[in-house]
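Shown next, in structure tokens, is the structure this report addresses.
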Amino acid sequence: MKVFAPPPPLHRLLDVLSPLARDAGLDAYVVGGTVRDVLLARAADDLDLAVDRDAIGWARTVADHLHGHLVLLDEANAVARIVLDDGAVAHIDVAQLQGSVQQDMRRRDFTVDAMAVPLGTASVIDPCAGIADLAAAIVRMNGADVFDADSLRLLRAVRIAGELGFEIDARTRAAIRERAPRVNDAAAERRRDELARIFALESAYPALRVLDDLGLLDALLPEVAVGRGVAQPEEHHAYDVLEHN
């Protein structure tokens with residue numbers, strides 16, 4: 001059984017947050033990328049939390065206790081961010097659960113990001129078999145509808161796979177390829193940020209090949225895609241314009 005064992009700085013932060021949740025009468029969980037990164041022994045730059053009620057009110061309490069700065073990310077869905085000047089993480093995101101913790105995990109995009117750990121424990125709640133996909137190094141959707149709910153996830157799948165050195169499973173690839181033109185439905189600044197994170201990867205070139213294979217490159221950067229198959233003088237170039245770029 002996989003145990004959630006965060007590094008000491010993050011563990012100390014969680015030890016501070018646990019009584020704050022208990023005093024507020026909240027059920028609080030470490031969720032998403034934080035759980036994934038700890039299980040993979042990767043550095044966690046931020047902390048993702050979910051609570052069963054009063055997410056914004058509790059986030060204010062946490063911000064005051066940690067001398068952080070509160071930012072409302074989505075007031076309608078009760079999502080807030082606490083920006084910290086120093087400490088174990090740069091920021092803490094607090095969201096309100098949508099239904100039970102199991103229901104909330106199942107509505108998340110990928111199995112490896114659909115795990116939760118009750119604050120103050122080491123037990124992983126894993127309704128979507130994310131631990132098995134971590135072991136297999138696979139990015140797998142929780143269902144094709146996750147892309148319909150947020151088209152940025154089409155791009156996010158490639159970025160997560162590139163960051164972790166994982167493969168995107170066949171059914172997920174097929175669902176992305178089918179929906180590739182819809183990636184532009186996401187706000188331009190969100191697409192820019194995900195693409196910039198892909199460009200910043202040490203494995204940026206393989207990730208760009210995946211973008212191309214899935215039809216996302218044509219949708220995102222049509223200026224680059226028009227170079228496909230356009231030859232260059234053989235004495236100076238071995239590749240067509242697309243590959244050269």
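The values are calculated or read from the model by the stated rules, or taken from the named source; none is laboratory data. Everything numeric in this text was worked out from a predicted model, so none of it was measured. Heads up, the Cβs are rebuilt from the backbone with ideal geometry, glycines too, and the neighbour counts pull from every protein chain shown. To get the accessible areas, we keep the full protein, side chains included, count just its heavy atoms, and leave off ligands, DNA and RNA. Shrake-Rupley method; radii C 1.70, N 1.55, O 1.52, S 1.80 Å.
Which value results when the Cα radius of gyration for the chain is divided by 2.2 N^0.38 Å?
Details: Rg = 20.0 Å, N = 245, 2.2 N^0.38 = 17.8 Å.
For the chain, the normalised Cα radius of gyration comes out at 1.12.
What is the extension gain from Arg192 to Ser18, computed as 0.36 nm multiplied by their sequence separation minus the C-alpha to C-alpha distance, in nm to one decimal? Mind showing how you got there, number by number?
Values: separation 174, 0.36 × 174 = 62.64 nm, distance 3.58 nm.
My answer for the length gained is 59.1 nm.
Leaving out ligands and nucleic acids, note down the accessible area per residue over region 123-201 with a 1.4 angstrom probe, in whole Å².
Details: 3690 Å² over 79 residues.
Each residue of region 123-201 exposes 47 Å² on average to a 1.4 Å probe.
Could you check the spin-label model distance between Glu223 and Arg209? Points 7 Å from the Cα along Cα→Cβ, value in nm.
Between Glu223 and Arg209, the simple spin-label model gives 2.6 nm.
About the Cα centre of the chain, what is the dipole size in debye to 20, counting +1 per Lys and Arg Cβ and -1 per Asp and Glu Cβ, all else neutral? All intermediate terms of the calculation are to be shown ahead of the outcome.
Values: 26 positive and 40 negative charges, 108 e Å.
With only Lys, Arg, Asp and Glu charged at Cβ, the dipole is about 520 debye.
Can you list the equivalent-ellipsoid semi-axes of region 115-183, largest first and in whole Å, using the square root of 5 times each Cα gyration tensor eigenvalue?
Numbers: eigenvalues 118, 38, 23 Å².
Result for region 115-183: semi-axes of 24, 14, 11 Å.
At a Förster distance of 51 Å, what's the computed FRET efficiency of Ala43 paired with Glu178, Cβ-Cβ distance as r, to 0.05?
On the way: r = 35 Å, r/R0 = 0.68.
About 0.90, to the nearest 0.05.
Suppose every K and R has +1 on its Cβ and every D and E has -1 on its Cβ; what is the size of the dipole of region 1-145 about the Cα centre, in Debye to the nearest 20? Before the final figure, lay out the partial values.
On the way: 12 positive and 21 negative charges, 78 e Å.
Here the size comes out at about 380 debye.
Please compute the length gained on full extension between Ala129 and Asp85, using 0.36 nm multiplied by the number of residues separating them and subtracting their Cα-Cα distance. Intermediate results must be reported in sequence, preceding the final value.
Numbers: separation 44, 0.36 × 44 = 15.84 nm, distance 3.54 nm.
Gain on stretching Ala129 to Asp85: 12.3 nm.
In percent, how large is the relative contact order of region 94-155, given Cα pairs closer than 8 Å and 6 or more residues apart?
Working: 68 pairs, mean separation 19.4, N = 62.
After rounding, I find 31 percent.
Counting only DSSP beta bridges with both residues in region 9-132, tell me the antiparallel percent, nearest 5.
Rounded to the nearest five, the antiparallel share is 75 percent.
I'd like to know which of Val94, Gly162, Ala204 lies farthest towards the positive end of the charge dipole of region 94-220, counting +1 on Cβ of Lys and Arg and -1 on Cβ of Asp and Glu.
Val94
Using a 1.4 angstrom probe on heavy atoms only, work out the carbon and sulfur share of the accessible area of the chain in %. Let's see the in-between values first.
On the way: 6110 of 12280 Å².
In the chain, the share of accessible area belonging to carbon and sulfur is 50 percent.
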